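Q: The structure's right below; bear with me while I get my questions together.
The values are calculated or read from the model by the stated rules, or taken from the named source; none is laboratory data. This structure is a prediction, so every number in the text was calculated from the model and none was measured. Cβ placement follows ideal geometry from the backbone for every residue including glycine, while neighbour counts extend to all protein chains displayed.
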Amino acid sequence: MKLLEYEAKLLFADEGIKVPTGILVSKHEEILLPMDAIKGKVVVKAQVDVGGRGKAGGVLMADHDTVIATARQLFNTTIKGIPVQRILIEERLDIQHEYYVSITIDRARKQPVILFAETGGVDIEETAHEKKGAVRSVSFCPLLPDVPGFLLRELCGDAPSEIQKTVNRLYHVFCHKDALLAEINPLVTTPTGVYAADAKLIIDDNSLARQGIAVNRDLTGREREAEKHGFSFVELDGTIGVIGNGAGLTMATLDLIEYYGGRVADFLDVGGGADCERVMHAVRLVASVPSVKVIVVNLLGGITRCDEVARGIIASGVSVPVIVRIAGTNAEEGRKLLSLKGYEMLDTMDLVVKRAVEVVK
Ligand code: GDP
Ligand code: MN
């Protein structure tokens, strides 16, 4: 789950990384701004989950006199289509230099990897692209509690030693928060020390419970509903809904749909041994995806009984057409039930997919 800048900054500060003093304000609360706390120059920052916020007009400069007008202006804009609900008003740092640092996992090496650039800031993508060697990287054994000193020196080059210390603190955040990404861009030097001017943190969804996060905000309402039923469910943006059992069969169904020129609306694996009720919930869930025009049910009966599957499909009572391929345990009985209700059934995965693509066309 992605955290917003102000949330990430709180966690960074817990590990000893300096962050600017700030005030979080929600929409329609400008009036409550503690104006006494805002003395000199400030930065007004939209708390929206988009990259390149600054360039998109989400980071504005203000001072004591203009902060309210600036906050209002930001609340009345959308940043890359996302309305601004919260803003962070921070003391403006007197930036001397902007660095870039990011920690993620190198899946090929199965190790954490730290990326560092001497020229950070809003143009880091271009810099990385145009200047070969501008972004340095090191990876190391994930069992080490700290980034080895020699690697920090190799990574940070001539940057002040406080920068190295901050990189190591960011590594602590990365480990302690079960992060998939921890990033500071820009990491800045100022006359009063090194600060994280921005903060990005993505927490591994598998660790949310351990991190005390009850609700995964990154999930859609439907994905959350699926989580309740224990379905593996991912919403996509096509028109053909998919329900399968087993990740392999479900993925293969998705691939085949795209192969025949269709666009899939979701991935839903009901899991093994699905009964009537589970199948019913699955069909209703997929049918509720607004873009869905037809649903392909591709289930292989092993411990799953196909008659139960059929009952579930019938019980769902959805108006979207459902095209079914069931094979294996009690398939004969299942087909009988479905044909009595007029459902379209085909014998192979290939046929059922081709038919669905035809239906949406
Ligand atoms: P992003 O565009 O979403 O990455 O937003 P950032 O928080 O990184 O801000 C974008 C840019 O605004 C930074 O690269 C800085 O150049 C500038 N900026 C942000 N905070 C400050 C600040 O406190 N003082 C100054 N002078 N510039 C800032
Ligand atoms: Mn940034």
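Q: Could you check the range 92-146 and list, in sequence order, the residues that are over 26 Å from the mean Cα position of the chain (by Cα) and within 30 Å of Val44 (Cα to Cα)?
A: Selection gives Arg92, Leu93, Asp94, Ile95, Gln96, His97, Glu98, Glu118, Thr119, Ala134.
Q: I'd like to check which helices (runs of 4 or more DSSP H) are fully inside the range 108-204 and have at least 2 residues that are within 16 Å of ligand 1 (Cβ to nearest atom), surrounded by 20 or more Cβ atoms within 10 Å (Cβ to Cβ) and touching a residue at least 60 places away in the same chain (Cβ under 8 Å).
A: Qualifying helices (runs of 4 or more DSSP H): 161-176.
Q: Sort out which residues of the range 168-199 are more than 24 Å from the chain's Cα centre (by Cα) and either over 28 Å from Val44 (Cα atoms) or of a type in the set (Val, Ile, Thr) (or both), and write them in order of number.
A: Listed by number, the residues that qualify are Asn168, Val188, Thr189, Thr190, Thr192, Val194.
Q: Please state which one of Leu10, Leu74, Leu60 is under 30 Å from Arg210 (Cβ atoms) and not assigned by TED's automatic domain parsing to the domain that holds Arg169.
A: Just a single option satisfies the conditions, and that option is Leu10.
Q: Being outside any loop (DSSP other than H, G, I, E, B) and modelled with pLDDT under 95 is the filter here, so list the residues in the range 56-69 that pass it.
A: Result: Asp63, Val67, Ile68, Ala69.
Q: Related question: Return the pairs, sorted by first residue and then second, in which the second residue is basic (Lys, Arg) and within 11 Å of ligand 1 (Cβ to nearest atom), the first residue lies in the range 1-23 and is part of a strand (DSSP E or B), the beta carbons are less than 9 Å apart, and the residues are 6+ apart or on different chains.
A: Taking only residues 6 or more apart or on different chains, the pairs are Lys2/Lys200; Leu3/Lys200; Gly22/Lys9; Gly22/Lys45.
Q: Can we say Thr104 is closer than 30 Å to Val25 by Cβ and polar (S, T, N, Q)?
A: No.
Q: Then there is this: Any idea which of Ile38, Ile79 is within 16 Å of ligand 2 (Cβ to nearest atom), of a type in the set (Val, Ile, Thr), outside the structural domain of Pro186 (by TED's automatic domain parsing) and in contact with a strand residue (DSSP E or B) (Cβ under 9 Å, 6 or more places away or on another chain)?
A: Ile79
Q: While we're here: Criterion first (within 37 Å of the chain's Cα centre (by Cα), surrounded by 15 or more Cβ atoms within 10 Å (Cβ to Cβ) and either outside the structural domain of Ala265 (by TED's automatic domain parsing) or not hydrophobic (A, V, I, L, M, F, W, C) (or both)) does Arg355 satisfy it?
A: In short, yes.
Q: So if I check each of Met35, Met61, which one is more than 8 Å from ligand 1 (Cβ to nearest atom), free of Cβ contacts under 8 Å to residues at least 40 places away in the same chain and either closer than 20 Å to Leu93 by Cα or touching a Pro at 6+ places or on another chain (Cβ under 8 Å) (or both)?
A: Exactly one residue qualifies, and that residue is Met35.
Q: Among the numbered criteria (1) surrounded by 18 or more Cβ atoms within 10 Å (Cβ to Cβ); (2) within 32 Å of the chain's Cα centre (by Cα), which single criterion is violated by Val320?
A: Every condition holds for Val320 apart from (1).
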